[in-house]
C-alpha cells in the first residue's frame, strides 16, 4: 500500500469509476434527449411606460428602513430601475440558495450565478440580442466612431454612494491607463489596433470614442470581455470602478509614501497587489458593487457567502426589488467527486457548474429522494470536443507537411466514428458535427456545413490519403512516411480531469483511425506542461472544446490561432503574427489569412455586413478543417443542471454559454422559493 | 539518557533545515511556475494574459529571482513567524493552513489510536491462539484490510452512508456548523464525523500492525524465558502481557516516526474523496497550481512531523527496551 504511488492509486480509481460509468451508461442512453426542454427565460423591460412606479423590498430591508439605518427603497433604486419580467410569475422574498465551489480559482462560479450580471449591456435569454443592462441605453454617434452610454439616474453603489460618469473616467484614467495596474491595453478597447478613450459627458452620460468605426461595441459590452463589469476588476479591467472607494489605495490620490506605508501594514508585496485585491469582487467584501448580491465572506474561505445588495437597481414588473433569494451560500468541495455526490444527495438547491454528464444516470435515479429535477442545457457551440492541428509544428518536417495539407486533415476528420463516441461519452445527447455553431446561431453558414468532413467515410478517407502520397503501408496496415523513415506516427496531447474525457475519447479515435492506417499516440499531460508545450510549438494535435465560439467575435480563441496561452493551439506562430499585426511570427497560409482578415474587419462594419463576414469565417473553418469537430451542441460542459422542485421561475432550457454567464443569462435574481 | 536525547534533538534541527532546502528545491522542479498555472487557468476561462502582464505578475510575486534568493527571503520571513503569502488563496500561508492543521492532527491521532486499540489485542489474540478460527478470521480480515485501497473503501462508505443513513456527504462538520465558532455543539459534531475517516485511514495500518504483532509475539512465545515464567506458576495472562508482549511492542514504537507523516500525506486521496478539510488536499492543490510558499510550508511541516515522530519513537524505544538504553550509554 505505502509503496504504491499516488498516480497508480488514481489510475485504479479512475478505471473502476469508468467501468461503473459504462455499466450505467447503457441504461440511460435514451433518456438523455428527453431532458432537453424549450429555451426560455426572463426578459428585460425597456419601455419606460411599463416600468413600475412604486417599489417594494425584502422584509429585513424594510425593517432597517424603519430603524432609520437605510434610506427608503425608492431612493435606493433611483429613477430608472432595471426592470426584469420574471419567466413565470412574480416571486416572493426569502431563503438561501446553496451551491458548491472548488476553491479560490473558481471565481467564475460566483460571477456566473450572482453578479446580475453587472455588464453595461447584456444578452437576452436567447443569447442573440443585446439589451440594455446597467446602462439605460447606448447611442451611436459619428458613424460608429463614438458611443454614448446613458446611465440610470440616481443609481447607487452597494454602499449608497452615487454611481456616475466619474466612475468611468476614474477607471479609464487611473486604472486602465496606469501601466503598473494594466501593463497591456485591452484589444477590446481598440479597433483595428487603435486604442479608444472614455470620457465623461455629464453625470449620467459617458462617451466611448474610437479612431475608426466600432460597430461591435454593444456586443463587446455584453460579452465576457475586458469591458464587462466588476467580474474583471481583479485584473484592472471592467470599464468602470468605484472611484470614491478605490482612491484611498491609489498613489495619485494618497501619495506614494503614504500608500507604501499602507501596503506594508496590510502585508502586501506591492501597492499593485493591494489595489487589485481591494478591487476584487470575490475577495473583498468591502468593495462597493453594482451586482444584486455581494460577497459577504470571501472566496478564499471554506464558505463563499453572498448576500443581497440593498441598493440593487434590479426590480421585477411588480416593483419588487430583486433578488428574491436573500443569500447564496457556496460551500467548498475538496474535489469534483464530492461536489457531484453532494448534488446527488440533494445538498445543493441549484447547481450546474462542475456537474458531470457521465453521472447522469445517478442524478436521475436520486431525483425523488433529493427533491430535485435534472435539466440538460446543451451548448450552441459546435464542439464539446475538437481536435486542433498545429499548423506551425516544425520539429518534424514530414509531419509538418501533412498538417498543412488540407486533404490530410479532411481524411482524418472522415475517419472518426462520431456516433460511437456520442453514445459512449455523451449518452447520445450530443450532435456529431463539424466546428460550426448551432443552426439557429446568426453566424451559422448553412445546414450543409454541419456534416461537412464530419461523417464517417473510411473508404473516401483511405482514397484521399492514398492520393496525397501516403499509399504505402507496413505489415500492420499503418501508412509509411513519404521520406522513408518508417511508420507515420502522429501525437495528440490531452488533458485529464476535464468536463469532457478527452484522453478516453482520443483512445477511441486511435482505434478508429487504425482503419485508415493512421497511427495515433495519445499523450495525457498536466496543464502547465501542456501550456509550455504549445507555447514552445511542440504540440502536434491538441484536444479541447470550442465553448464560447457561438459568440464568434467576442470569444474567438477556438476558431483560429488567437492567443498564445492555450492548452491546444492551431499555430503559436500565427498567433504572434496576428497579435503583432504582421511584425512577428509567421504569415498564415492564404485561406487562414482570409479568415483572420474577415474576422478583424467585422468589428468596424454594420451588423448586416458583419453577419455575412461571420458566416464566411465559419465556411472557411469548416472547409479547411484546421480544427476537426467531433461532438458538438452537447451538455458536457456545464450543461447538466440539478434544481430543487420548489424553486420557481426555473427555465426548462437555458442558453449555455460562457459569454452568457449561464445561469446568469436566466437572471437568478428572479429565482425564488415557492414554500 | 539526557545526553542521548540532546544529541538526537540537535540532529533533528539539522535535518529540518536540510528538509526546508529540499522542499523548496523540489517545488521548483515541475515546468513553469505559479504564473504559468494562473495563465492556464485564465485561458480555460477565455481570458488572455499577455506576455507583458505575465512578466509583471512574476515581478510582483518575486518569481523572476534566482532560486537561492527566493529561498533566503523565505527563510528570513520564517524567522519572523511569517511563512509567506499563498498566491492562490491570496492570504498568509499560516492563515490558510491554520485550522486545517489542527483538524489534520485530530484525524491523524484518532486514526493512530484506533489502529493501536484494534491491532494490539487482535494481534496478541491471534498469536496466542495460533491457527484457531479467531486467528484465521483476523488474518482474513487483516489481509483484506491491507489489500483494499482505502480511497475505494472511502467511496463505498460514502455511498452507503448516503443511501442507507442519509448522512451528510463528506467533510468533518455539518453544513450549519461549518463556519461556526468553536463550541460544545461543534466539538460534538466533529466527534460524530470522525469515526469514518479514522476507520478508513487506520484500517490498512491496523491490518499491518496485527500481522507484525502476531509474528513478533510468536517468535517470543517459544523462548525459554516464557517457559520459565510459566513453569514458575505465573498466571497465563501475566506470563504473556508482562514479558513477550513487551518485547513484541518494539516495532510499534519504532513506526511512530513514519506513521505521523504517512497519515497526513498518505491520507491525501482519502481526504479528497471524503472532502476532509485537512492539509492533504491543500498540499495537492498547492503543488498543482505551483503555489510555492504554501506547498513549501506543508512539505516542511511534514518533514518536521517525521523528525518529531522519529524522536518520539527513539525515546519510547529507550523507555520500553532496556537493552537499547544499555547499548547507548
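The values are calculated or read from the model by the stated rules, or taken from the named source; none is laboratory data. None of the values given here were measured: they were computed from a predicted structure. Please note: Cβ atoms are built from the backbone with ideal geometry, for glycine as well, and neighbour counts cover all protein chains shown.
Summary of computed values
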read-out: Single match in A:163, A:107 (criterion: in contact (Cβ under 8 Å) with a residue 12 or more places away in the chain and outside the structural domain of residue A:273 (by TED's automatic domain parsing)); value: A:107
read-out: Selection status of residue A:88, part of a helix (DSSP H, G or I) and in contact (Cβ under 8 Å) with a residue 60 or more places away in the chain; value: no
read-out: Residue list for the stretch B:86-100, filter: in contact with a helix residue (DSSP H, G or I) (Cβ under 6 Å, 6 or more places away or on another chain) and either more than 12 Å from every other protein chain (Cβ to nearest Cβ) or over 21 Å from residue B:305 (Cα atoms) (or both); value: B:86, B:87, B:89
read-out: Residue that is more than 7 Å from every other protein chain (Cβ to nearest Cβ), outside any helix (DSSP H, G or I), farther than 30 Å from residue A:224 by Cβ and within 23 Å of the chain's Cα centre (by Cα), where the choices are B:24, B:14, B:83; value: B:83
read-out: Qualifying residue in the stretch A:213-224 (condition: within 14 Å of chain B (Cβ to nearest Cβ) and in a loop (DSSP other than H, G, I, E, B)); value: yes
read-out: Lone unmet requirement of (1) in the same structural domain as residue A:239 (by TED's automatic domain parsing); (2) in contact with a helix residue (DSSP H, G or I) (Cβ under 6 Å, 6 or more places away or on another chain); (3) buried (at least 22 other Cβ atoms within 10 Å of the Cβ); (4) in a helix (DSSP H, G or I) for residue A:206; value: (4)
read-out: Out of A:140, A:131, A:121, sole residue that is in contact with a helix residue (DSSP H, G or I) (Cβ under 6 Å, 6 or more places away or on another chain) and more than 17 Å from residue A:203 (Cα to Cα); value: A:121
read-out: Qualifying residue in the stretch A:211-219 (condition: modelled with pLDDT under 95, surrounded by 17 or more Cβ atoms within 10 Å (Cβ to Cβ) and at positive phi); value: no
read-out: Matching option when the condition is buried (at least 16 other Cβ atoms within 10 Å of the Cβ) and more than 22 Å from the chain's Cα centre (by Cα), among A:291, A:312; value: A:312
read-out: Close pairs (6 angstrom Cβ cut-off, 6 or more residues apart or separate chains): more than 15 Å from residue A:624 (Cα to Cα) in the stretch A:395-409, in a loop (DSSP other than H, G, I, E, B) anywhere; value: A:398/A:481; A:398/A:483; A:400/A:393; A:400/A:394
read-out: Subset of the stretch A:577-595 [part of a helix (DSSP H, G or I) and either without any contact (Cβ under 8 Å) to a residue 12 or more places away in the chain or surrounded by fewer than 21 Cβ atoms within 10 Å (Cβ to Cβ) (or both)]; value: A:577, A:579, A:590, A:591, A:593, A:594
read-out: Residue within the stretch A:442-459 that is in contact (Cβ under 8 Å) with a residue 60 or more places away in the chain, part of a helix (DSSP H, G or I), farther than 17 Å from residue A:635 by Cα and in contact with a helix residue (DSSP H, G or I) (Cβ under 9 Å, 6 or more places away or on another chain) present; value: yes
read-out: Matching residues, the stretch A:344-365, being more than 20 Å from residue B:151 (Cα to Cα) and facing chain B (nearest Cβ under 9 Å); value: A:347
read-out: Top-ranked residue of the stretch A:469-485 - restricted to ones that are assigned to a loop (DSSP other than H, G, I, E, B) and closer than 18 Å to residue A:521 by Cα, ranked as modelled with the lowest pLDDT; value: A:485
read-out: From the options B:170, B:145, B:161, B:123, residue that is in a helix (DSSP H, G or I), within 11 Å of chain A (Cβ to nearest Cβ) and in contact with a helix residue (DSSP H, G or I) (Cβ under 6 Å, 6 or more places away or on another chain); value: B:145
read-out: Residue under evaluation residue B:131, criteria (1) on the phi > 0 side of the Ramachandran plot; (2) within 14 Å of another protein chain (Cβ to nearest Cβ), criterion not met; value: (2)
read-out: Every residue from the stretch A:615-629 that is more than 16 Å from residue A:408 (Cβ to Cβ) and crowded, with 24+ Cβ neighbours inside 10 Å; value: A:617, A:618, A:621, A:622, A:629
read-out: Residue B:194, sole failed condition from (1) under 30 Å from residue A:329 (Cβ atoms); (2) away from chain A (no Cβ under 12 Å); (3) surrounded by fewer than 12 Cβ atoms within 10 Å (Cβ to Cβ); value: (3)
read-out: Some residue of the stretch B:90-107 being buried (at least 19 other Cβ atoms within 10 Å of the Cβ), touching a residue at least 24 places away in the same chain (Cβ under 8 Å) and not in a helix (DSSP H, G or I); value: no
read-out: Test: residue in the stretch A:558-568 that is part of a helix (DSSP H, G or I) and modelled with pLDDT under 95; value: no
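Results for (1) at pLDDT 95 or above; (2) surrounded by 21 or more Cβ atoms within 10 Å (Cβ to Cβ); (3) part of a strand (DSSP E or B), shown as yes or no for each residue.
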site	(1), (2), (3)
A:122	yes, yes, yes
A:128	no, no, no
A:154	yes, no, no
A:159	yes, no, no
A:179	no, no, no
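Every residue, every condition in (1) touching a helix residue (DSSP H, G or I) at 6+ places or on another chain (Cβ under 8 Å); (2) over 30 Å from residue B:5 (Cα atoms); (3) in a helix (DSSP H, G or I); (4) at pLDDT 85 or above, yes or no:
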residue: B:251; (1), (2), (3), (4): yes, no, yes, no
residue: B:272; (1), (2), (3), (4): yes, yes, yes, no
residue: B:294; (1), (2), (3), (4): yes, yes, yes, yes
residue: B:299; (1), (2), (3), (4): yes, no, yes, yes
residue: B:306; (1), (2), (3), (4): yes, no, yes, no
